[in-house]
Protein chains: 2
Amino acid sequence: MNTQANTAQQIIEIALGLMIERGYNAFSYADISERMEIRKASIHYHFPNKSDLGRSVVAHYRTMAQQGLNQIDQITSDPREKFTLYIEQFYRQMREAKFFCLCTLLAAELPTLPECVRDEIQGYFREHTAWFATLLASGQAQGVFTFGGDPTIKAQSVLAAIQGAMIAARAYQDPEHFRTIALQVCSDVQT
Amino acid sequence: MNTQANTAQQIIEIALGLMIERGYNAFSYADISERMEIRKASIHYHFPNKSDLGRSVVAHYRTMAQQGLNQIDQITSDPREKFTLYIEQFYRQMREAKFFCLCTLLAAELPTLPECVRDEIQGYFREHTAWFATLLASGQAQGVFTFGGDPTIKAQSVLAAIQGAMIAARAYQDPEHFRTIALQVCSDVQT
DNA sequence: GTCTATAGCCCGATAGAC
DNA sequence: GTCTATCGGGCTATAGAC
């Protein structure tokens, strides 16, 4: 009874790796087939068409990312530490597994994506903006963060800087580039 | 004698629009053929293979962007105005022509790009980082910008934030989103 | 320089046996 | 659930006439 669930889950995880590396348009059912013991046609049993698979992969990624945020919230209540943990979490994954934020990468090719995939990406952006807005507001209240203007707009610019740093790290093929920029952004909001 | 040059140039400009919309992997010779009066095979006369075309398009974009920077440098010497002009230039193009920074978008799919295209993209990142570093250092010297740390690192984080804002605007399909975030970044460095 | 025609490949997706 | 076989179509690229 869990055979199907495990296979579907394994397909999603392989596809996630491929999408992070190549984006949505440049990975194929054949690529998945090569990386696990399954034929192309069998993948269609679990995900009838590519947009189903794409949506499932992004939804899975969103859930994982949400768990990452929850984990940070449980580890510490210090806004500065939370900010640093967010950065270090990405940095570690980039070094260890050439991991990048899937939704940042997919947003770049958004006009070519099926609508159901686009919706998942927008959801990710909203969730992470909201998390940073809460983080920044609480840091401001505690007096450890200083910044002008609305915390929500500031949250958008912080998220943008982090995601832009990830793009730059990909351009230079150097995770250190991400870490340097992101930590600069983190120190910029501190008193 | 200028027939070939004009055709090649026209192909580059059509391809630029397509690459901004869809990225490198999701546009084709057939797409170009549909948008101008030329057959697929004839495009190969001007650009023997797709990586030649891709490299030429990004090189053309780099030149255009460099001219944009020169133009800003001629209009004003006030660092704050320069920063604002940089943002407004992108914003206007995004509104009028659904324009995005080609190199930001292509950096996201970098691992799938031919090496000659990658090199052009890295060149763009270096040029714009250098321009911002000069801008920030001069603003700091004039006392109109305040920020901690090295101007080059700060330049990287500013560029990252602007590029990240562009990605977010694409995710939300809303140019205003870009403008709001980018102007926040601009005001953050001011005294 | 541009064309028609086509080679050769990969893609997503389906049919039907097991 | 997984397989083999295959369809129909899009892709980059080439050959060769004009």
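The values are calculated or read from the model by the stated rules, or taken from the named source; none is laboratory data. None of the values given here were measured: they were computed from a predicted structure. Heads up, the Cβs are rebuilt from the backbone with ideal geometry, glycines too, and the neighbour counts pull from every protein chain shown. To get the accessible areas, we keep the full protein, side chains included, count just its heavy atoms, and leave off ligands, DNA and RNA. Shrake-Rupley method; radii C 1.70, N 1.55, O 1.52, S 1.80 Å.
Some points to look at:
- So A:M36, is it within 12 Å of DNA strand D (Cβ to nearest atom) and farther than 24 Å from A:L135 by Cβ: yes
- Answer from A:I43, A:I38, A:I20, A:I72 - the residue that is surrounded by 13 or more Cβ atoms within 10 Å (Cβ to Cβ), within 14 Å of chain B (Cβ to nearest Cβ) and of a type in the set (A, V, I, L, M): A:I20
- Considering the range B:41-52, the residues that are within 27 Å of the chain's Cα centre (by Cα) and not polar (S, T, N, Q) include one that is farthest from DNA strand D (Cβ to nearest atom), namely B:H46.
- Scanning the range A:177-191 for residues that are in a helix (DSSP H, G or I) and either over 24 Å from B:A171 (Cβ atoms) or of a type in the set (D, E, K, R) (or both) returns A:R179, A:T180, A:L183, A:S187, A:D188.
- Helices (runs of 4 or more DSSP H) wholly inside the range B:35-110 that include at least 1 residues being closer than 25 Å to A:H177 by Cβ: B:50-75, B:79-97, B:102-108
- Hey, B:L110 within 11 Å of chain A (Cβ to nearest Cβ), without any contact (Cβ under 8 Å) to a residue 24 or more places away in the chain and farther than 19 Å from B:Q184 by Cβ or not: yes
- Filtered residue count, the range B:78-107, keeping only those that are within 13 Å of another protein chain (Cβ to nearest Cβ), among the aliphatic types (A, V, I, L, M) and either more than 23 Å from B:V189 (Cβ to Cβ) or open to solvent by 50 Å² or more (accessible area, probe 1.4 Å) (or both): 4
- Any hit, the range A:7-29, residues being farther than 27 Å from B:M19 by Cα, over 24 Å from the mean Cα position of the chain (by Cα) and within 8 Å of DNA strand D (Cβ to nearest atom): no
- Scoring A:R55 on the criteria (1) within 15 Å of A:P114 (Cα to Cα); (2) open to solvent by 80 Å² or more (accessible area, probe 1.4 Å); (3) within 15 Å of DNA strand D (Cβ to nearest atom) leaves a single failure, condition (3).
- Search result, residues across the range A:24-46 that are among the polar types (S, T, N, Q) and within 25 Å of A:A107 (Cα to Cα): A:N25, A:S28
- Residue ID - surrounded by the most Cβ atoms within 10 Å (Cβ to Cβ), chosen from residues in the range A:23-35 that are away from chain B (no Cβ under 14 Å) and of a type outside the set (F, W, Y): A:I32
- Screening the range B:137-176 for residues that are more than 12 Å from chain A (Cβ to nearest Cβ) and in a helix (DSSP H, G or I) and picking the one that is nearest to A:V158 (Cα to Cα) gives B:P175.
- The residue that is farthest from B:A59 (Cα to Cα), counting only those in the range B:15-34 that are within 13 Å of DNA strand C (Cβ to nearest atom) and in a helix (DSSP H, G or I), is B:E34.
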